[in-house]
Amino acid sequence: MEFNTIPGNIVAPLVAFEVNSGGQFESRSRLLLIGHANSGAVIDANTPTVCPSIAEGRRLAGAGSMLDDMVRLVRQNAPAQELWIMAVPDSGTKGSRTITVDSVPSAGLGVVSIAGEPVQFTVADGDADSDVAAAIAAAVNGYFNGLSGASLPFTASATDEVVTLTPRHNGAIMNGIDIHVPALDGGNVASGKLSIAAPTSGSGTPDLSAALAALGDDEFDWIVSPFSDATNVGRYSDLMSDVSGRWAWNRQIYGHVFYPMSDTISNLTTHGLGLDDRHLTVIPVIASSNAPNPVWQWAAAIAGRIVPWLSDGGTGNASRNQTGLVVEGLQAPRDRAGWLDYATRETFLGSGLSTWKVNTGGDVVIDKIITTARTFNDVPDTTFRDIQKIGQIVYSLRYFRSRLTYEHGQKAIADDNPANLDTVSTPTDIKATFMHAYDELVLRGILENAGQAADVIEVSRNADNPNRVDIHAPLDMVQPLDVIAANAVIYSQFASA
């Protein structure tokens, strides 16, 4: 009989119970959003901060900030996901956009779409072009979507007939925000009356070194960053390194980075082919496709849609195919040439890029989310291609580690235990624990083929260190059902038997 606190040599009479945990596994998974906060926001820079709600994200990062946007899109897709945010200082220069009132619209309601949000302004009889410009600027500055919680990524000012839109953040990432005058069923008095100039481009990308270092050994299984420049992508790989990063044997805190990239099909493909890292996922958006949502919203929304499944090993959701999941809050690109057709999706997936598509209802839906892993030792290897594999690995390894700790932590090790002492473990005991955990993961839809696993799993004491036990642990993962192929052979009439 094993006791942790009651001594074995006490003499004075008593009836005593010590209380210990029998061990109950729970998997909790955090999603971290990295982005810019507004100047003067209350959130501390480079500090992971819990953010349970859209309102808290707005309070911490400021209305209309990048992080405000990202929190909102995640919450639309993952209402209960544990969510943290981290503000990083912007850098570089700030660009600008202009809207010019070419001629005064007729009296009525005008609409300008900015970052997918319909900004309404009123034109009255007798208004001059400067009055219309002032009305647009006031509408931009006062905009708030009470249904979704959205504000705008710009502030506005008006001089004569020109509205100048100033991004809330510095940097090149703010250059691609979509602005247009939509055609509406009920009419839009602004149609044909406004001109939107090409942007005066901002420049620069933030240095994420301090922010990524600030994560320390805190667990963040899923990380969304909007920055796709080569330097920061390299930092993501370093952060997740299997040798010295979050996936290293001596840290075991894991993590996976999603980031968006907007470019031509050719450049996107080149980018994907230049990577080979199972810890990265690229969300591609075709440049010049008039996608209403900024790229940081794409990454946040798609990650928010799939992370609750990827984090759910208890019911097997981590293993499931995700095709067709509607991504709330994303609008399809206005240019249908920017929708990913089958051939483009096949090319992207072969190049390490994830894919989405647009369904018949016009919704953006998941097609297939993958990592950038493609090879091992320069030969093709699809083992770590599917994003499901990352969720399965994290859940499985934590489960095995917890079961082994519950049953064999603070024990002695011996080849045999003839007295069946609770304080002694043997390699056979450890293998039994491991296989019992394997069986449970099979029942949860994470692993399969437990019988074969039992034949090949090896547990032995280390030859050089008798205090150490080594486990050879092949794990056979369940796969997402991606393709069903059928050969329909058509007959006018079946031949008689």
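Read the figures in this text as sums done on the coordinates, not as results from a lab. Computed from a predicted structure; not experimentally measured. Glycine also receives a Cβ, built like all others from the backbone with ideal geometry; neighbour counts cover every protein chain displayed.
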Förster radius 51 Å - calculated FRET efficiency between residue 486 and residue 44, Cβ distance, rounded to 0.05
0.35
Calculate the FRET efficiency for residue 93 and residue 53 from the Cβ-Cβ distance with a Förster distance of 30 Å, rounded to the nearest 0.05.
0.35
How large is ³J(HN,Hα) for each residue in the range 291-302, as worked out from phi by the Karplus curve 6.51 cos²θ - 1.76 cosθ + 1.60 (θ = phi - 60°), to whole Hz, x for Gly and Pro?
6, x, 7, x, 4, 5, 6, 4, 5, 5, 5, 5
Please list the non-local residues whose amide H lies under 5 Å from the amide H of residue 425, H modeled 1.01 Å from N, same-chain partners needing a gap of 5 or more.
412, 413, 414
What FRET efficiency would be calculated for the residue pair residue 397, residue 200, taking the C-beta separation as r and a Förster radius of 51 Å, to the nearest 0.05?
0.55
Where a ≥ b ≥ c are root eigenvalues of the Cα gyration tensor, a/c under 1.5 meaning rounded, otherwise prolate if a/b exceeds b/c and oblate otherwise, the range 107-171 counts as oblate
Residue 440 to residue 273: extension gain in nm, 0.36 nm per residue of separation minus the Cα-Cα distance?
56.3 nm
Grab the other residues whose beta carbon is less than 15 angstrom from that of residue 184, score K and R as +1, D and E as -1, and report the net.
0
Diffusion coefficient, µm² s⁻¹, Stokes-Einstein with Kirkwood Rh over alpha-carbon pairs of the range 412-497 at 10 °C and 1.306 mPa s
96
Linear extension gain, residue 337 paired with residue 159, 0.36 nm per residue minus alpha-carbon span:
60.4 nm
Compute for the chain: radius of gyration divided by Kirkwood radius, i.e. Rg/Rh, restricted to C-alpha atoms, rounded to two decimals.
1.09
Could you give each residue of the range 99-106 its phi-based ³J(HN,Hα) in whole Hz, using Karplus coefficients 6.51, -1.76, 1.60 with θ = phi - 60°, and x for Gly or Pro?
10, 10, 7, 6, 8, 6, x, 5
Computed ³J(HN,Hα) along the range 407-417: with the Karplus parameters 6.51/-1.76/1.60, θ = phi - 60°, integer Hz and x for glycine or proline, the list is 9, 10, x, 6, 10, 8, 10, 8, 5, 9, 9
Residue (of 172, 118, 155) at the positive-pole extreme of the range 97-196, dipole from beta-carbon charges:
172
If packing is taken as the average count of other Cβ atoms within 10 Å, what order do 57-70, 463-476 fall into, highest mean first?
57-70, 463-476
Expressed in nm to one decimal, what extension gain is obtained for the pair residue 290 and residue 122 from 0.36 nm per residue of sequence separation less their Cα-Cα distance?
57.9 nm
